[in-house]
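The values are calculated or read from the model by the stated rules, or taken from the named source; none is laboratory data. These numbers were taken from a predicted model, which means no experiment stands behind them. Cβ placement follows ideal geometry from the backbone for every residue including glycine, while neighbour counts extend to all protein chains displayed.
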Amino acid sequence: MYPYPFTYHRPGTIDETLALLADLGDEGKVLAGGHSLLPAMKLRLAQPGHLIDIGGLDELTGVREREGGLEIGALTTHHTLATDPTVAARAGLLAELAHVVGDQQVRNRGTLGGALAHNDPAADYPAGVLALDAEIVAVGPNGERTIPAGEFFTAFLTTALDPGELLVAVRIPDLPANTGYRYEKLANPASGYALVGVAAVVQLDDNGSIAQARIGITGASDVAWRAEGVEAALAGVQPDGESVKAAAAGVVDGVEMLADVHAPAEYRARVTRNLVRRAVLKAAERAKG
């Protein structure tokens, strides 16, 4: 199918991009890798009058080391995240997750910033940035601001980005000592999207008990979330199978689970509990070294 007619723009700087966003308002849509927006346009689910292609903004690409962590440009591809040695060393969960995003073509073209800004409820990255306690960096008419990942995903296909703002980077803090991570995913066999995805970061204390756990969940509901109840239940316990299973039992309490042609709500709930248990146990094993 052919998309609705649009005017194509290719700005050369962030300032030019922001000026276009200000001038075009709701009619202007940002194009990054294009793996979410272009199919929606072909199906006429999205009909922007103007397309703003930011693919030429080299300043938005790459992995940069900074004190206390990494800053990753919004146009950095999934393939780069999966293969960059600095990401593997300092943000291994993100590298692990990037390996299972879509297929090879998607990983070569799709971008971290585009995936986060689109906020598909079945996307992988939301779970990872939640578990990593990342910050989203946005630039808009009022300058630069940082948004905690826990405040970024607000509703179905909706984020905390204000009109006229552009997502420019993601900041990932270094993990403390005695910390492990794991991403577990039940993928749709056709699309690769997560029917359920669970990212866990687990820090152990000197006695081998869980000092802190952060768990991000995607695919199971209409927006990714932190499993704070499970995190609290895990604090201070030994990471054995029964203890972790008991903590994971209430992970979907109070959550409206998705039900669609791919999986009913009850099935997603059962898978979520199992994947939380598995992710936490494997993260704890890594934390032991």
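Just name the residue that is nearest to Phe156 (Cα to Cα) out of those in segment 197-229 that are among the β-branched types (Val, Ile, Thr) and not in a loop (DSSP other than H, G, I, E, B).
Top of the filtered list is Thr218.
Inside segment 111-196, counting only strands (runs of 3 or more DSSP E) that do not spill past its ends, which hold 3 or more residues that are farther than 22 Å from Arg64 by Cα, in contact (Cβ under 8 Å) with a residue 40 or more places away in the chain and not aromatic (Phe, Trp, Tyr)?
Strands (runs of 3 or more DSSP E) meeting the threshold: 179-187.
Could you look through segment 254-288, keep only residues that are without any contact (Cβ under 8 Å) to a residue 60 or more places away in the chain and either touching a Phe, Trp or Tyr at 6+ places or on another chain (Cβ under 6 Å) or among the β-branched types (Val, Ile, Thr) (or both), and pick out the one that is surrounded by the most Cβ atoms within 10 Å (Cβ to Cβ)?
Val255
I'd like the full set of residues that are among the charged types (D, E, K, R) and on the phi > 0 side of the Ramachandran plot, limited to segment 96-142.
Answer for segment 96-142, where residues must be among the charged types (D, E, K, R) and on the phi > 0 side of the Ramachandran plot: just Asp133.
Could you say whether any residue in segment 59-74 is of a type outside the set (D, E, K, R), within 18 Å of Ala123 (Cβ to Cβ) and under 20 Å from the mean Cα position of the chain (by Cα)?
yes
Which condition number does Arg10 fail, the rest of (1) surrounded by fewer than 18 Cβ atoms within 10 Å (Cβ to Cβ); (2) within 20 Å of the chain's Cα centre (by Cα); (3) modelled with pLDDT of 95 or more being met?
(2)
Which numbered condition in (1) without any contact (Cβ under 8 Å) to a residue 60 or more places away in the chain; (2) assigned by TED's automatic domain parsing to the domain that holds Ala115; (3) touching a helix residue (DSSP H, G or I) at 6+ places or on another chain (Cβ under 8 Å) is the only one that Leu93 fails?
(1)
Mind checking which residues of segment 99-124 are out of contact with any Ser or Thr (no Cβ under 8 Å at 6 or more places or on another chain) and of a type outside the set (Val, Ile, Thr)?
His99, Asp103, Gln104, Gln105
Kindly check whether there is at least one residue in segment 170-190 that is aromatic (Phe, Trp, Tyr) and closer than 25 Å to Ala88 by Cα.
Of segment 170-190, the ones aromatic (Phe, Trp, Tyr) are 181, 183.
In the following step, the residues that additionally are closer than 25 Å to Ala88 by Cα were identified as 181, 183.
Taking every residue of segment 170-190 in turn, at least one turns out to be aromatic (Phe, Trp, Tyr) and closer than 25 Å to Ala88 by Cα.
So if I check each of Val196, Val137, Val201, which one is closer than 25 Å to Gly92 by Cβ and in the same structural domain as Gly73 (by TED's automatic domain parsing)?
Result of the check over Val196, Val137, Val201: Val137.
Look through segment 13-40, keep the residues that are outside any loop (DSSP other than H, G, I, E, B) and small (Gly, Ala, Ser), and return whichever of them is surrounded by the most Cβ atoms within 10 Å (Cβ to Cβ).
Gly28
Kindly indicate whether any position in segment 41-58 is among the hydrophobic types (A, V, I, L, M, F, W, C), buried (at least 20 other Cβ atoms within 10 Å of the Cβ) and over 22 Å from Thr158 (Cβ atoms).
Yes: one or more hits.
Could you please let me know if Val168 is crowded, with 24+ Cβ neighbours inside 10 Å and farther than 18 Å from Met257 by Cβ?
Considered against the rule, which asks whether it is crowded, with 24+ Cβ neighbours inside 10 Å and farther than 18 Å from Met257 by Cβ, Val168 comes out as no.
Among the residues that make up segment 42-57, is at least one of them in a helix (DSSP H, G or I), outside the structural domain of Pro141 (by TED's automatic domain parsing) and either more than 17 Å from Leu116 (Cβ to Cβ) or touching a residue at least 12 places away in the same chain (Cβ under 8 Å) (or both)?
Among the residues of segment 42-57, at least one is in a helix (DSSP H, G or I), outside the structural domain of Pro141 (by TED's automatic domain parsing) and either more than 17 Å from Leu116 (Cβ to Cβ) or touching a residue at least 12 places away in the same chain (Cβ under 8 Å) (or both), which makes the answer yes.
Can you tell me which residue is nearest to Gly28 (Cα to Cα) among those in segment 60-79 that are in a helix (DSSP H, G or I) and touching a Leu at 6+ places or on another chain (Cβ under 9 Å)?
Leu60
Do we find that Arg64 is surrounded by fewer than 15 Cβ atoms within 10 Å (Cβ to Cβ), within 22 Å of Ala95 (Cβ to Cβ) and among the basic types (Lys, Arg) in this structure? Give the steps one after another, and end with the answer.
Working: surrounded by fewer than 15 Cβ atoms within 10 Å (Cβ to Cβ): yes; within 22 Å of Ala95 (Cβ to Cβ): yes; among the basic types (Lys, Arg): yes.
Answer is yes for this residue.
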